[in-house]
Amino acid sequence: MNDRQKAIARSCLDGAESNTMTFPQIVGRLIEAGFESYCIDFRRATATYYLAGSESIELATHRVDAAVAPTFDVALMQTAIREAQHLVPGYTYKRFCERAVAAGCAGYIVSLSGRRALYIGRTAETHVEHFPNQ
């Protein structure tokens, strides 16, 4: 992984956390830079960005000030996702993360090549969300 790719991963994370980049913008930049996927771990407060080969970079994220709920509530997770997709008034990425953790989401994996995100609960419950058609 070159320095440019590392800088793009960092700028995409910063853009999400500062609400200066939307999810579609982040996806576009990461794909353009050669990334295949990324993973957010709420319990460790990390984001890991993966190239198509074996290279990756792990970055620290903001920490959600709550424990991941013990039960994964898919309906609550879907509500948080829809708010993000529609950029409802008051939407922030940090609020999305808080809602995800409250819904029992321990983390998620975004497959850029597969155009989907996999949300994972503490006991390995999952919800797959396909990217909306543009």
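Coordinate-derived values only; no laboratory data. This one's a predicted model, so the numbers in the text were calculated from it and none came from an experiment. Note that each Cβ is placed from the backbone with ideal geometry, even for glycine, and that neighbours are counted across all protein chains shown.
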May I ask you to compute the full-extension gain from Val88 to Asp73, defined as 0.36 nm times their residue separation minus their alpha-carbon distance, rounded to one decimal in nm? 3.3 nm
Where does each of Phe35, Phe42 land when they are ranked from fewest to most other beta-carbon atoms within 10 angstrom? Phe42, Phe35
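Sort region 1-66 into rounded, prolate or oblate with this rule: let a ≥ b ≥ c be the square roots of the eigenvalues of the Cα gyration tensor; rounded if a/c is under 1.5, and if a/c is not under 1.5, prolate when a/b is larger than b/c, oblate otherwise.
In terms of gyration-tensor shape, oblate.
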Once each part is reduced to its C-alpha centroid, what is the distance from region 84-98 to region 10-29 in angstrom? 13
Cα-based shape type of region 57-107, given that a ≥ b ≥ c are square roots of the gyration tensor eigenvalues and the cut on a/c is 1.5: oblate
